[in-house]
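Have a look at the structure below, then the notes.
The values are calculated or read from the model by the stated rules, or taken from the named source; none is laboratory data. In this text the structure is predicted, and so the values were computed from the model without any measurement. As a convention, Cβ positions derive from the backbone with ideal geometry for all residues, glycine included, and neighbour counts pool all protein chains shown. For the accessible areas, the whole protein counts, side chains as well, though only heavy atoms, and no ligand, DNA or RNA atoms are used. Shrake-Rupley method; radii C 1.70, N 1.55, O 1.52, S 1.80 Å.
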Amino acid sequence: MRGLERMDRLVTQLLTMARLDSVGEVAFASEVDWRAVAEQAIGDCLWIANRRDVDIAVEWPAPGVLPLPMAGDADALVIMLKNILDNAIRYGPRHGRVRLAFSPSQISVDDQGPGVAPDVLPRLGDRFLRAAGNEEAGSGLGVSIARRIAHAHGMRIAFAMRDAQSDFGPGLRVTIRRGA
C-alpha cells in the first residue's frame, strides 16, 4: 500500500513539474482567496497530519486586513502551500505542531523539527534533493515545485532555522514573500 502511495505521489509531482516547465510568464486576473487556498491545502494534508498526530494552527491578520493581497492561480497556490505543509508535517516530530501564518506581506510555515544542516539549507528546492536520514517517503520534488509556483506568481520562498528563543521554539521556518 505504501508503495502505491509513493508511486501516486511521484507521478503527480512529475506531472506538475512538467506542466510548470511548459508555462512561461503568466498574467493572473483573479484575486487570491487565501482562506480557500489554505483550507484546501490543509485538507489535502490532514491524512498525514492525523497519521503523525500533528496539529496544524492557522493564524490570520486582524479583521479587515488582507493576507498577502495578490492575483494568482488558486489551484497552483494550493499545490505550493500543500507541498510546504506536507514537508513540515512529515519532517517535524510526531505529536508536534505546524503553524501556518498569513500577514499582509508574507506567509510563513513553522515546524518543530530538527531542521536541516546549514550546508543543505541553501539547496532546499533543488530537484530530487533528499536530506540524509529521512524516514518518510518522498521524491525530493515538492519544494522544487513550490518554488516554481511561487516564482510564477512573482514570489520567492526562503528557508531559515529558528532558535529556542523563538515564539514557536526551534525548528525550520519557510517564508513566502513577493519578489521572485
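When Val58, Val37 are screened for being of a type in the set (Val, Ile, Thr), under 17 Å from Ile107 (Cβ atoms) and part of a strand (DSSP E or B), only Val58 passes. Residues that are open to solvent by 10 Å² or more (accessible area, probe 1.4 Å), of a type in the set (Ser, Thr, Tyr) and at pLDDT 85 or above: does segment 133-141 have at least one? No, segment 133-141 contains no residue that is open to solvent by 10 Å² or more (accessible area, probe 1.4 Å), of a type in the set (Ser, Thr, Tyr) and at pLDDT 85 or above.
Of the residues examined, Arg130 is not one that is open to solvent by 40 Å² or more (accessible area, probe 1.4 Å), modelled with pLDDT under 90, among the charged types (D, E, K, R) and part of a helix (DSSP H, G or I). Considering only segment 35-43, I want to know if a residue exists there that is β-branched (Val, Ile, Thr), at pLDDT below 95 and either in contact with a strand residue (DSSP E or B) (Cβ under 7 Å, 6 or more places away or on another chain) or within 23 Å of Gly154 (Cβ to Cβ) (or both). No, segment 35-43 contains no residue that is β-branched (Val, Ile, Thr), at pLDDT below 95 and either in contact with a strand residue (DSSP E or B) (Cβ under 7 Å, 6 or more places away or on another chain) or within 23 Å of Gly154 (Cβ to Cβ) (or both). Pairing residues of segment 109-122 that are within 12 Å of Phe159 (Cα to Cα) with residues that are among the polar types (S, T, N, Q) and at pLDDT 85 or above, at Cβ distances under 9 Å and at least 6 apart in sequence or on separate chains, gives Val109/Asn87; Val109/Thr175; Asp111/Asn87.
Pick from segment 114-123 the residues that are at pLDDT 75 or above and surrounded by 13 or more Cβ atoms within 10 Å (Cβ to Cβ): which of them is farthest from Val65 (Cα to Cα)? Looking at residues that are at pLDDT 75 or above and surrounded by 13 or more Cβ atoms within 10 Å (Cβ to Cβ), I get Val120. Candidates in segment 61-113 are the residues that are in a loop (DSSP other than H, G, I, E, B) and touching a helix residue (DSSP H, G or I) at 6+ places or on another chain (Cβ under 6 Å); of these, the one that is surrounded by the fewest Cβ atoms within 10 Å (Cβ to Cβ) is Arg94.
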